[in-house]
Structure formats: structure tokens, C-alpha cells
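Read the structure below first, then the notes.
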Amino acid sequence: MDPSLEKSSVQSEVVKCMQIGLLCVQEDAADRPTMSSVVHMLASDTMSLPSPTRPAFSVGRTVIEQESSSNTSTRYSLNELTVSEVIPR
């Protein structure tokens, strides 16, 4: 958790929101909670939350070596950029 938030928030509530967020982005839509379930989970202090499964992918930084024509390898990193293409219905 960001140290600047420690004084203005309760750690257990932040962890609870993160866990609910992870449940909402499960790969299989059937594993995601409904909005009414999310509201109930956020409002309840006693409800035990299911554990989210491991994500199908994660965004990270990868270093790749590429051979150039001069037989020297070039190192470059892929940035953490995602591209969304909006297609109207």
C-alpha cells in the first residue's frame, strides 16, 4: 500500500477492495460476481470473500535480446503500455 495512504485509510478495507477488484476481473465471466454481490461484499464487514484465481495474464516488464545484422545483440525493454481499439457496435 502506498505509504501516503496509511494514515487516511484502514489497511484491511484497502485489501478487501483489492480482493473484490480481482474477483471482478476473473478470466471466466462465470467466476465474476454480479454488481449486487459486489455491493453486498463492500457493505458487509463479516462476509468472507472467495479467493480470486490466478490471472490469465499480467502486465509486466520484459527484456528481450534481438540479433541485429552485425551479429551483436541489442537489448530493449517492452514498456507497460496497453492499446485499446474502440470499435462501435
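The values are calculated or read from the model by the stated rules, or taken from the named source; none is laboratory data. Predicted model, so just to flag it, every value in this text is computed and none were measured. Quick reminder, even Gly has a Cβ in these numbers, built from the backbone with ideal geometry, and neighbours come from all protein chains shown.
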Looking across segment 31-61 at residues that are among the hydroxyl-bearing types (S, T, Y) and exposed (fewer than 10 other Cβ atoms within 10 Å of the Cβ), the single one that is modelled with the lowest pLDDT is S58
Quick one: what pairs do we get from segment 22-44, first residue free of Cβ contacts under 8 Å to residues at least 60 places away in the same chain, second of a type in the set (S, T, N, Q) and surrounded by 14 or more Cβ atoms within 10 Å (Cβ to Cβ), C-beta under 7 Å, 6+ apart or different chains? R32/Q26
Counted residues, segment 5-36 - those being closer than 16 Å to S51 by Cα, more than 14 Å from the chain's Cα centre (by Cα) and of a type in the set (D, E): 3
